[in-house]
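Okay, structure first, notes after.
Since every read-out is calculated from the coordinates, none of them should be taken as a lab result. Note that the structure is predicted; figures quoted are calculated from it, not measured. Cβ sites come from the backbone with ideal geometry, for glycine too, and all protein chains shown count toward neighbours.
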Amino acid sequence: MQDSFSRRISYLRLSVTGRCSFDCMYCTGGASQKCVPAELESSEIISLARGAAAAGCSRIRLTGGEPLERRDIAEICRGIAEIPEVSELALTTNGLRLSEYVTDLKSAGVGCINISLDTVNPGVFRKITGRDCLDRVLTGLDDAVSAGFRSVKINTVLLHGLNDDGHSIRELAELACRYSVDLRFIELMPVARNDFSYRKYFSDKSAVFRALPELMPCPEDDAGSGVAKMFRISGASGRIGVISPVTDKFCRSCNRIRITSDGKLRPCLLSPVEYSLRGLAVEDIERKIRLCVEHKPQEHSLAPDPEQTERHGQIRLTMQRIGG
Ligand code: SAM
């Protein structure tokens, strides 16, 4: 399916719940855990995936909230993996319950797992997530790597004063030396509807290059990581990536749409426009997605200067509902 700017839309990020076991300071700010919207039945989620797949989304990523907080997550994965048009099923998790679910997810047809991990320092982990369980996440990572998924990636949001100093970045990069995984550093986006201080914690991609001057760019055709710019470290089996939605807009190559945990289609992460898909039959979901994709904005309004973003009235939304 193509939008009105000739971009091919083939990637759906589907949020399966607004509930989360973590309370990450930049995502929920503690506020939205209390007002999580009612979530969809597994059959409704599978119908949404069918409609999106029929419209042209061959890659589907399940997100949340925390997808592994749903007891029926393996059933949802199996239902989606069986859709003939779906060539890749992926899941993004905070890793807390990954060890418990690794076998079920693999046999249900999940090919790619992304683990969100912002630090390997237990105290900083507690400060960011509100939970004291770094060990369980690291065991989850270990188990996911051993299970043999097609790909395991680690996503790290850069946070000034918490994980953007040379030591913290090198400690994280060490994971890409120990495991054959892509570790991607992501710039913080000003999106949480809470009192979290974006200006205080935003750190741009240059922190990564200062900490790891030895990074060697991967050739374009080898990068294979979508919006991330990928790099190698000599002697490491894994790779380092940098995703910079704030300092480099990549709207021109955007290929994705999102569906929120309450069944609303969001053509652009950072535009407030949403269309309800709830209660529609698969054919109608497909038709509505095709129609709405025609209205996908050309680009988002996220400005590199956070103050400018404030002035332009950037909408305050929670990633917890949209799924990042
Ligand atoms: N619970 C799952 C997890 O932790 O991966 C899935 C949902 S979480 C909202 C998805 C991703 O969004 C996480 O990697 C998280 O770090 C990222 N995220 C949340 N808020 C963000 C923000 N303001 N800027 C950049 N990334 C953000």
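Figures for the structure shown
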quantity: Pairs of lysines in the chain (C-alpha under 24 Å apart; 8 or more residues apart or interchain); calculated: 17
quantity: Rounded to the nearest 20 debye, dipole of the chain from Cβ charges on Lys, Arg, Asp, Glu; calculated: 420 debye
quantity: Packing-based exposure ordering (other Cβ within 10 Å, fewest first) of ARG266, ARG210; calculated: ARG210, ARG266
quantity: Fraction of alpha-carbon pairs over 28 Å apart in the chain - percent; calculated: 38 percent
quantity: Ranked VAL102, VAL157, VAL282, criterion: other C-beta atoms within 10 Å, fewest first; calculated: VAL282, VAL102, VAL157
quantity: Sorted by Cβ density within 10 Å, fewest first, the residues ILE289, ILE9; calculated: ILE9, ILE289
quantity: DSSP beta bridge pairing in the stretch 11-322, given as percent antiparallel to the nearest 5; calculated: 25 percent
